[in-house]
Amino acid sequence: MQVKAIAALVTVAAAALGAQAQEQVLNLYSARHYSTDEALYSNFTKATGIRINRVDSDDAGILARLKSEGAASPADVILLVDAARLHKGEVDGLFRPVKSKLLEDAIPAQYRGTPTADGSAWYGFSTRARVVVYDKLKVKREDVDTYEELGDPKNKGKVCIRSGSHPYNLSLFGAVAEHLGSDAKAQDWLKGVKDNLARDPKGGDTDQIKAVAAGECQVAVSNTYYIARMLRSGNPEDRAVMEKVGIVFPNQQSWGTHLNIAGGAVARNSKNPQAAVRFLEYLASPEAQNYFANGNNEWPTAKGVKVSNPALAAMTNNGDFKAETIPLSTVGANQVKIQQMLDRVGFK
Ligand code: FE
(Lines give C-alpha, C1' and ligand atoms only; values in the text may rest on other atoms or scores of the structure.)
Protein backbone atom coordinates (compact mmCIF):
# COMPACT_ATOMS: atom_id res chain seq x y z
CA MET A 1 0.00 0.00 0.00
CA GLN A 2 1.24 3.44 -0.81
CA VAL A 3 2.06 5.93 1.89
CA LYS A 4 -0.60 8.34 0.59
CA ALA A 5 -3.34 5.72 0.79
CA ILE A 6 -2.36 4.81 4.33
CA ALA A 7 -2.41 8.48 5.32
CA ALA A 8 -5.90 8.80 3.84
CA LEU A 9 -7.10 5.74 5.76
CA VAL A 10 -5.70 7.11 8.99
CA THR A 11 -7.54 10.39 8.37
CA VAL A 12 -10.83 8.54 7.78
CA ALA A 13 -10.33 6.45 10.90
CA ALA A 14 -9.58 9.54 12.97
CA ALA A 15 -12.72 11.27 11.65
CA ALA A 16 -14.82 8.24 12.56
CA LEU A 17 -13.39 8.21 16.07
CA GLY A 18 -14.10 11.91 16.39
CA ALA A 19 -17.72 11.43 15.39
CA GLN A 20 -18.06 8.61 17.89
CA ALA A 21 -16.59 10.68 20.69
CA GLN A 22 -19.05 13.46 19.89
CA GLU A 23 -22.16 11.28 20.00
CA GLN A 24 -23.34 11.64 23.53
CA VAL A 25 -25.02 8.65 25.12
CA LEU A 26 -26.87 8.55 28.43
CA ASN A 27 -27.13 5.22 30.17
CA LEU A 28 -30.57 5.00 31.73
CA TYR A 29 -31.42 2.39 34.35
CA SER A 30 -35.20 2.20 34.26
CA ALA A 31 -37.84 0.41 36.30
CA ARG A 32 -40.48 1.69 33.88
CA HIS A 33 -41.28 -0.47 30.88
CA TYR A 34 -44.01 1.26 28.91
CA SER A 35 -44.14 1.61 25.14
CA THR A 36 -45.01 5.31 25.49
CA ASP A 37 -41.64 5.83 27.18
CA GLU A 38 -39.97 4.94 23.86
CA ALA A 39 -41.48 8.02 22.23
CA LEU A 40 -40.31 10.01 25.21
CA TYR A 41 -36.68 8.96 24.68
CA SER A 42 -36.65 9.44 20.92
CA ASN A 43 -38.09 12.96 21.30
CA PHE A 44 -35.32 13.78 23.76
CA THR A 45 -32.73 12.51 21.27
CA LYS A 46 -34.33 14.59 18.50
CA ALA A 47 -34.21 17.71 20.63
CA THR A 48 -30.71 17.29 22.06
CA GLY A 49 -28.77 14.77 19.93
CA ILE A 50 -28.19 12.76 23.10
CA ARG A 51 -28.96 9.07 22.66
CA ILE A 52 -30.59 7.06 25.45
CA ASN A 53 -29.26 3.60 26.13
CA ARG A 54 -31.81 1.90 28.36
CA VAL A 55 -31.17 -0.91 30.81
CA ASP A 56 -34.35 -2.43 32.25
CA SER A 57 -34.75 -3.91 35.70
CA ASP A 58 -37.08 -3.53 38.66
CA ASP A 59 -36.54 -1.00 41.48
CA ALA A 60 -34.74 -3.43 43.79
CA GLY A 61 -32.61 -4.80 40.95
CA ILE A 62 -31.49 -1.34 39.90
CA LEU A 63 -30.50 -0.31 43.44
CA ALA A 64 -28.59 -3.57 43.93
CA ARG A 65 -26.81 -3.14 40.62
CA LEU A 66 -25.79 0.47 41.37
CA LYS A 67 -24.40 -0.67 44.70
CA SER A 68 -22.35 -3.53 43.28
CA GLU A 69 -21.06 -1.48 40.34
CA GLY A 70 -19.91 1.32 42.64
CA ALA A 71 -17.59 3.89 41.10
CA ALA A 72 -17.31 1.83 37.90
CA SER A 73 -21.06 2.12 37.22
CA PRO A 74 -21.89 3.32 33.70
CA ALA A 75 -25.30 4.57 34.90
CA ASP A 76 -26.19 8.22 34.28
CA VAL A 77 -29.92 8.45 34.99
CA ILE A 78 -32.16 6.30 37.18
CA LEU A 79 -35.96 5.98 36.92
CA LEU A 80 -37.78 4.26 39.79
CA VAL A 81 -41.47 3.79 40.50
CA ASP A 82 -41.85 4.30 44.23
CA ALA A 83 -40.97 6.90 46.86
CA ALA A 84 -39.69 4.32 49.36
CA ARG A 85 -37.18 3.04 46.78
CA LEU A 86 -36.13 6.54 45.73
CA HIS A 87 -35.52 7.38 49.37
CA LYS A 88 -33.48 4.18 49.78
CA GLY A 89 -31.28 5.18 46.84
CA GLU A 90 -30.87 8.62 48.40
CA VAL A 91 -29.79 7.40 51.86
CA ASP A 92 -27.51 4.76 50.34
CA GLY A 93 -25.69 7.57 48.50
CA LEU A 94 -26.43 6.15 45.04
CA PHE A 95 -27.65 9.47 43.62
CA ARG A 96 -25.94 12.78 42.95
CA PRO A 97 -28.03 15.69 44.28
CA VAL A 98 -29.33 17.96 41.53
CA LYS A 99 -29.73 21.69 41.83
CA SER A 100 -31.83 22.97 38.94
CA LYS A 101 -33.93 26.11 38.84
CA LEU A 102 -36.08 24.55 36.14
CA LEU A 103 -36.82 21.43 38.21
CA GLU A 104 -37.41 23.45 41.37
CA ASP A 105 -39.87 25.68 39.54
CA ALA A 106 -41.67 22.78 37.86
CA ILE A 107 -41.84 20.03 40.49
CA PRO A 108 -43.66 20.78 43.80
CA ALA A 109 -41.45 20.42 46.89
CA GLN A 110 -43.44 17.50 48.31
CA TYR A 111 -42.45 15.36 45.29
CA ARG A 112 -38.69 15.80 45.72
CA GLY A 113 -35.97 14.11 47.74
CA THR A 114 -34.78 15.65 51.02
CA PRO A 115 -33.83 19.28 50.41
CA THR A 116 -30.10 20.03 50.88
CA ALA A 117 -27.76 22.90 49.95
CA ASP A 118 -26.84 20.88 46.82
CA GLY A 119 -30.47 20.39 45.79
CA SER A 120 -32.49 17.17 45.99
CA ALA A 121 -31.36 13.62 45.22
CA TRP A 122 -34.52 12.80 43.22
CA TYR A 123 -37.56 14.37 41.58
CA GLY A 124 -41.03 12.84 41.07
CA PHE A 125 -42.47 13.05 37.55
CA SER A 126 -45.84 11.34 37.95
CA THR A 127 -48.22 10.49 40.76
CA ARG A 128 -50.49 7.53 41.40
CA ALA A 129 -53.04 7.27 44.20
CA ARG A 130 -53.35 4.19 46.43
CA VAL A 131 -57.08 3.65 46.77
CA VAL A 132 -59.68 1.21 48.09
CA VAL A 133 -61.66 -1.15 45.86
CA TYR A 134 -64.74 -2.87 47.36
CA ASP A 135 -67.53 -5.29 46.54
CA LYS A 136 -70.45 -3.04 45.59
CA LEU A 137 -73.08 -5.56 46.72
CA LYS A 138 -71.61 -6.57 50.08
CA VAL A 139 -69.83 -3.49 51.39
CA LYS A 140 -71.14 -0.06 52.22
CA ARG A 141 -68.95 2.65 50.77
CA GLU A 142 -68.98 4.60 54.02
CA ASP A 143 -67.40 1.61 55.80
CA VAL A 144 -64.25 1.80 53.66
CA ASP A 145 -63.82 5.47 52.82
CA THR A 146 -60.88 6.01 55.17
CA TYR A 147 -57.57 4.15 55.56
CA GLU A 148 -58.27 3.94 59.30
CA GLU A 149 -61.32 1.73 58.61
CA LEU A 150 -59.13 -0.89 56.89
CA GLY A 151 -57.98 -1.65 60.46
CA ASP A 152 -61.42 -1.39 62.09
CA PRO A 153 -62.91 -4.65 63.46
CA LYS A 154 -66.10 -4.03 61.43
CA ASN A 155 -64.08 -5.10 58.36
CA LYS A 156 -62.80 -8.35 59.91
CA GLY A 157 -62.06 -11.09 57.37
CA LYS A 158 -62.77 -8.82 54.38
CA VAL A 159 -59.45 -7.27 53.34
CA CYS A 160 -57.09 -8.40 50.56
CA ILE A 161 -53.76 -6.63 50.07
CA ARG A 162 -50.36 -7.44 48.56
CA SER A 163 -47.41 -8.03 50.88
CA GLY A 164 -47.12 -5.44 53.65
CA SER A 165 -43.39 -5.14 52.87
CA HIS A 166 -43.95 -4.21 49.23
CA PRO A 167 -42.68 -0.66 48.64
CA TYR A 168 -46.17 0.56 47.65
CA ASN A 169 -47.45 -0.53 51.07
CA LEU A 170 -44.37 0.65 52.98
CA SER A 171 -45.03 4.09 51.47
CA LEU A 172 -48.78 3.98 52.17
CA PHE A 173 -48.26 2.81 55.75
CA GLY A 174 -45.45 5.35 56.23
CA ALA A 175 -47.84 8.10 55.17
CA VAL A 176 -50.68 6.87 57.39
CA ALA A 177 -48.25 6.66 60.36
CA GLU A 178 -47.30 10.28 59.73
CA HIS A 179 -50.94 11.36 59.67
CA LEU A 180 -51.88 9.32 62.76
CA GLY A 181 -49.12 11.15 64.59
CA SER A 182 -47.65 8.43 66.81
CA ASP A 183 -45.86 5.11 66.41
CA ALA A 184 -48.18 3.43 68.91
CA LYS A 185 -51.25 4.44 66.89
CA ALA A 186 -49.58 3.37 63.64
CA GLN A 187 -48.70 -0.07 64.99
CA ASP A 188 -52.22 -0.58 66.41
CA TRP A 189 -53.63 0.30 63.00
CA LEU A 190 -51.29 -2.10 61.21
CA LYS A 191 -52.29 -4.86 63.62
CA GLY A 192 -55.93 -4.04 62.89
CA VAL A 193 -55.40 -4.31 59.12
CA LYS A 194 -53.53 -7.58 59.57
CA ASP A 195 -56.35 -8.96 61.75
CA ASN A 196 -58.88 -8.00 59.04
CA LEU A 197 -57.12 -9.93 56.24
CA ALA A 198 -59.26 -12.42 54.33
CA ARG A 199 -56.11 -14.36 53.34
CA ASP A 200 -52.35 -14.17 53.62
CA PRO A 201 -50.96 -11.45 51.32
CA LYS A 202 -50.08 -12.71 47.85
CA GLY A 203 -49.94 -11.39 44.28
CA GLY A 204 -49.97 -7.82 42.95
CA ASP A 205 -52.61 -5.10 43.13
CA THR A 206 -54.58 -6.44 40.14
CA ASP A 207 -54.83 -9.85 41.84
CA GLN A 208 -56.48 -8.22 44.88
CA ILE A 209 -59.11 -6.53 42.68
CA LYS A 210 -59.84 -9.85 40.95
CA ALA A 211 -60.11 -11.55 44.35
CA VAL A 212 -62.84 -9.07 45.33
CA ALA A 213 -64.76 -9.77 42.11
CA ALA A 214 -64.33 -13.52 42.70
CA GLY A 215 -65.80 -13.24 46.22
CA GLU A 216 -62.58 -14.24 47.98
CA CYS A 217 -62.55 -10.92 49.82
CA GLN A 218 -64.62 -7.76 49.87
CA VAL A 219 -62.13 -4.94 50.20
CA ALA A 220 -58.78 -4.43 48.43
CA VAL A 221 -56.07 -1.79 48.05
CA SER A 222 -54.68 -0.83 44.65
CA ASN A 223 -52.73 1.81 42.79
CA THR A 224 -54.95 3.79 40.43
CA TYR A 225 -53.10 2.89 37.21
CA TYR A 226 -53.90 -0.81 37.67
CA ILE A 227 -57.57 0.13 38.01
CA ALA A 228 -57.39 2.37 34.93
CA ARG A 229 -55.76 -0.47 32.96
CA MET A 230 -58.62 -2.80 33.90
CA LEU A 231 -61.22 -0.15 33.04
CA ARG A 232 -59.60 0.41 29.63
CA SER A 233 -58.93 -3.26 28.97
CA GLY A 234 -60.01 -4.84 25.71
CA ASN A 235 -60.63 -8.07 27.61
CA PRO A 236 -64.35 -8.43 28.54
CA GLU A 237 -63.37 -10.45 31.65
CA ASP A 238 -61.46 -7.45 33.03
CA ARG A 239 -64.40 -5.16 32.45
CA ALA A 240 -66.75 -7.69 34.09
CA VAL A 241 -64.48 -7.55 37.15
CA MET A 242 -64.71 -3.77 37.22
CA GLU A 243 -68.53 -3.89 36.97
CA LYS A 244 -68.62 -5.61 40.37
CA VAL A 245 -66.42 -3.24 42.32
CA GLY A 246 -66.64 0.26 43.66
CA ILE A 247 -63.63 2.57 43.92
CA VAL A 248 -63.12 4.98 46.76
CA PHE A 249 -60.45 7.64 47.20
CA PRO A 250 -59.98 7.46 50.99
CA ASN A 251 -59.84 10.27 53.53
CA GLN A 252 -61.56 12.96 51.47
CA GLN A 253 -62.92 14.50 54.71
CA SER A 254 -59.54 14.51 56.44
CA TRP A 255 -55.92 14.38 55.24
CA GLY A 256 -56.56 13.24 51.66
CA THR A 257 -55.73 10.15 49.60
CA HIS A 258 -52.17 8.79 49.66
CA LEU A 259 -50.12 9.53 46.54
CA ASN A 260 -46.95 7.77 45.48
CA ILE A 261 -44.64 8.76 42.61
CA ALA A 262 -42.45 7.56 39.80
CA GLY A 263 -39.30 9.65 39.74
CA GLY A 264 -35.80 10.14 38.48
CA ALA A 265 -32.30 10.79 39.76
CA VAL A 266 -28.78 11.31 38.46
CA ALA A 267 -26.44 8.43 39.27
CA ARG A 268 -23.74 9.20 41.84
CA ASN A 269 -20.92 8.17 39.48
CA SER A 270 -22.37 9.50 36.22
CA LYS A 271 -19.71 10.53 33.71
CA ASN A 272 -22.27 12.83 32.04
CA PRO A 273 -23.95 14.68 34.90
CA GLN A 274 -24.87 17.74 32.83
CA ALA A 275 -26.63 15.72 30.14
CA ALA A 276 -28.28 13.65 32.88
CA VAL A 277 -29.73 16.79 34.48
CA ARG A 278 -30.89 17.90 31.06
CA PHE A 279 -32.80 14.64 30.72
CA LEU A 280 -34.51 15.14 34.09
CA GLU A 281 -35.40 18.69 33.05
CA TYR A 282 -36.84 17.34 29.83
CA LEU A 283 -39.06 14.97 31.85
CA ALA A 284 -40.62 18.02 33.52
CA SER A 285 -41.62 19.58 30.18
CA PRO A 286 -45.33 19.45 29.21
CA GLU A 287 -44.65 17.18 26.22
CA ALA A 288 -42.65 14.66 28.23
CA GLN A 289 -45.10 14.83 31.14
CA ASN A 290 -47.86 13.73 28.82
CA TYR A 291 -45.96 10.60 27.76
CA PHE A 292 -44.55 9.89 31.19
CA ALA A 293 -47.76 10.29 33.21
CA ASN A 294 -50.56 9.63 30.77
CA GLY A 295 -48.75 6.68 29.18
CA ASN A 296 -49.16 4.75 32.41
CA ASN A 297 -52.49 6.28 33.47
CA GLU A 298 -50.86 8.54 36.05
CA TRP A 299 -51.09 12.22 36.87
CA PRO A 300 -48.30 14.65 35.91
CA THR A 301 -46.40 16.34 38.75
CA ALA A 302 -45.19 19.43 36.87
CA LYS A 303 -47.08 22.57 37.81
CA GLY A 304 -49.67 23.68 35.27
CA VAL A 305 -49.55 20.44 33.23
CA LYS A 306 -52.90 18.71 32.79
CA VAL A 307 -53.61 15.58 30.76
CA SER A 308 -57.00 14.20 29.85
CA ASN A 309 -57.29 10.50 30.55
CA PRO A 310 -60.84 9.12 30.37
CA ALA A 311 -60.26 6.27 32.87
CA LEU A 312 -58.70 8.59 35.46
CA ALA A 313 -61.42 11.18 34.87
CA ALA A 314 -64.16 8.56 35.33
CA MET A 315 -62.81 7.29 38.64
CA THR A 316 -62.24 10.72 40.17
CA ASN A 317 -65.06 12.98 39.11
CA ASN A 318 -62.79 14.56 36.50
CA GLY A 319 -59.65 14.44 38.56
CA ASP A 320 -61.22 16.30 41.40
CA PHE A 321 -60.09 14.67 44.65
CA LYS A 322 -58.23 15.66 47.76
CA ALA A 323 -54.66 14.31 47.87
CA GLU A 324 -52.39 14.29 50.91
CA THR A 325 -49.71 16.96 50.92
CA ILE A 326 -46.99 15.54 53.21
CA PRO A 327 -43.48 15.39 51.68
CA LEU A 328 -42.70 11.98 50.16
CA SER A 329 -39.16 12.30 51.55
CA THR A 330 -40.74 12.02 55.04
CA VAL A 331 -42.83 9.05 53.94
CA GLY A 332 -39.72 7.35 52.55
CA ALA A 333 -37.86 7.97 55.80
CA ASN A 334 -40.54 6.03 57.73
CA GLN A 335 -40.01 2.76 55.85
CA VAL A 336 -37.50 1.14 58.23
CA LYS A 337 -39.73 1.87 61.23
CA ILE A 338 -42.79 0.55 59.37
CA GLN A 339 -41.03 -2.69 58.43
CA GLN A 340 -40.18 -3.22 62.11
CA MET A 341 -43.83 -2.67 63.08
CA LEU A 342 -44.96 -5.15 60.41
CA ASP A 343 -42.55 -7.74 61.81
CA ARG A 344 -43.84 -7.13 65.34
CA VAL A 345 -47.52 -7.59 64.42
CA GLY A 346 -46.83 -10.49 62.03
CA PHE A 347 -48.00 -8.68 58.87
CA LYS A 348 -46.14 -10.47 56.04
FE1 FE B 1 -46.73 -1.07 39.78
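Taking the charge dipole of the chain about its Cα centre, with +1 at Lys and Arg Cβ atoms and -1 at Asp and Glu Cβ atoms, the residue from V331, G119, P310 reaching farthest to the positive side is G119. Legend: distances between Cα atoms for K154/K306; K136/K191; K202/K337; pairs beyond 32 Å are K154/K306.
Roughly to the nearest percent, how much of the accessible area of the chain is carbon and sulfur, given a 1.4 Å probe? Numbers along the way, then the final one.
Details: 8010 of 15310 Å².
In the chain, the share of accessible area belonging to carbon and sulfur is 52 percent.
For segment 170-324, the alpha carbon convex hull comes to 168 Å³ per residue, rounded to a whole number.
Given R₀ = 30 Å, FRET efficiency for Q340-A109 by Cβ-Cβ distance, to 0.05?
Working: r = 28 Å, r/R0 = 0.94.
That pair, Q340 with A109, gives E of 0.60.
When the chain is treated as a GNM with alpha-carbon contacts under 10 Å, the residue of S329, S42, S171 showing the greatest mean-square fluctuation is S42. Applying the criteria of a DSSP loop state and at most 14 other Cβ atoms within 10 Å to the GluC sites (Glu not before Pro) of segment 198-305 yields E216. Stretched out straight at 0.36 nm per residue, the stretch from E142 to T48 would grow longer than its current Cα-Cα span by 28.7 nm.
If you plug the beta carbon distance of S57 and D183 into 1/(1 + (r/R0)^6) with R0 = 56 Å, you get a FRET efficiency near 0.95.
Go ahead and run the numbers for FRET between V91 and D320, Cβ-Cβ distance against an R0 of 41 Å, rounding to 0.05. Rounded to the nearest 0.05, the efficiency is 0.70.
Taking the Cα atoms of segment 299-347, the ratio Rg/Rh between the radius of gyration and the Kirkwood radius comes to 1.18. Distance between the pseudo-spin-label points of K348 and R232 (7 Å out from Cα toward the beta carbon): 3.4 nm.
Restricting to Cα atoms and excluding each atom paired with itself, what does the Kirkwood estimate give for the chain in Å?
Radius from the Kirkwood sum: 21.5 Å.
In this Cβ point-charge picture (+1 for Lys and Arg, -1 for Asp and Glu), segment 90-208 has a dipole of about 380 debye about its Cα centre.
Note on the chain: helix-only mean residue ellipticity at 222 nm, from DSSP H runs of 4+ residues weighted -39500 (n - 2.57) and normalised by residue number, equals -13000 deg cm²/dmol. Charges were assigned to the Cβ only: +1 to each Lys and Arg, -1 to each Asp and Glu. The resulting dipole of the chain about its Cα centre is roughly 300 debye.
Per residue, the accessible area of segment 23-166 comes to 41 Å² when a 1.4 Å probe rolls over the protein heavy atoms. For a straight C-alpha distance cut-off of 14 angstrom, the aspartates and glutamates reachable from K101 (same-chain residues fewer than eight places away being disregarded) are D118, E281.
The alpha-carbon positions of segment 253-348 define a convex hull whose volume is 167 Å³ per residue. Comparing segment 80-214 with the 2.2 N^0.38 Å rule of thumb, its C-alpha radius of gyration ratio is 1.25 (two decimals).
Beyond 16 Å, what share of the Cα-Cα pairs of segment 162-224 remains, rounded to the nearest whole percent?
Result for the distance tail: 48 percent.
Counting only aspartates and glutamates at least 8 places from K67 when in the same chain, those with an alpha carbon closer than 13 Å to its own are D59, E90, D92.
The values are calculated or read from the model by the stated rules, or taken from the named source; none is laboratory data. On a predicted model such as this, the values are computed, not experimentally measured, just so you know. Please note: Cβ atoms are built from the backbone with ideal geometry, for glycine as well, and neighbour counts cover all protein chains shown. SASA here: full protein model, heavy atoms, side chains in, ligands and nucleic acids out. Shrake-Rupley method; radii C 1.70, N 1.55, O 1.52, S 1.80 Å.
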